[in-house]
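Asks: Just dropping this structure here.
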Amino acid sequence: MSAPANSEFIVIKALENGVNVIGLTRGESTRFHHSEKLDKGEVMIAQFTEHTSAIKVRGKAVIQTRNGEMNTLVDE
């Protein structure tokens, strides 16, 4: 199965070890369906698909989308 050609890609770059990237499902109830742990400097390219409606990032990271770039806020 492939994603639609207009699916949105995002880039997540870990700024510390142990950044969690969690994919959440579409449908009547939102559920976790995939998770990855990134170490400092690692980059993940993620895509929204017919199964993935949201992506949660926990930890210090830079997130880039076609709409701009943002940093996660983590209390020091």
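The values are calculated or read from the model by the stated rules, or taken from the named source; none is laboratory data. Keep in mind it's a predicted model, so treat the numbers as computed, not measured. Every residue, glycine as well, gets a Cβ built from its backbone with ideal geometry; the counts of neighbours run over all protein chains shown. Ligands, DNA and RNA are excluded from the accessible area calculation, which covers all protein heavy atoms including side chains. Shrake-Rupley method; radii C 1.70, N 1.55, O 1.52, S 1.80 Å.
Asks: How large, in percent, is the carbon and sulfur part of the accessible surface of the chain at a probe radius of 1.4 Å?
Replies: The nonpolar share, carbon plus sulfur, comes to 48 percent.
Asks: On to the next question. Of ALA14, ALA46, ALA61, which is the most mobile in a GNM of the chain whose springs link Cα atoms less than 10 angstrom apart?
Replies: Highest fluctuation of the listed residues: ALA46.
Asks: By what distance, in whole Å, do the Cα atoms of the chain stretch along each of the three principal axes, largest value first?
Replies: 37, 25, 19
Asks: State, to one decimal in nm, how far the label point of THR25 lies from the label point of GLN47, with both points 7 Å from Cα in the Cβ direction.
Replies: Rounded to a tenth, the inter-label distance reads 2.1 nm.
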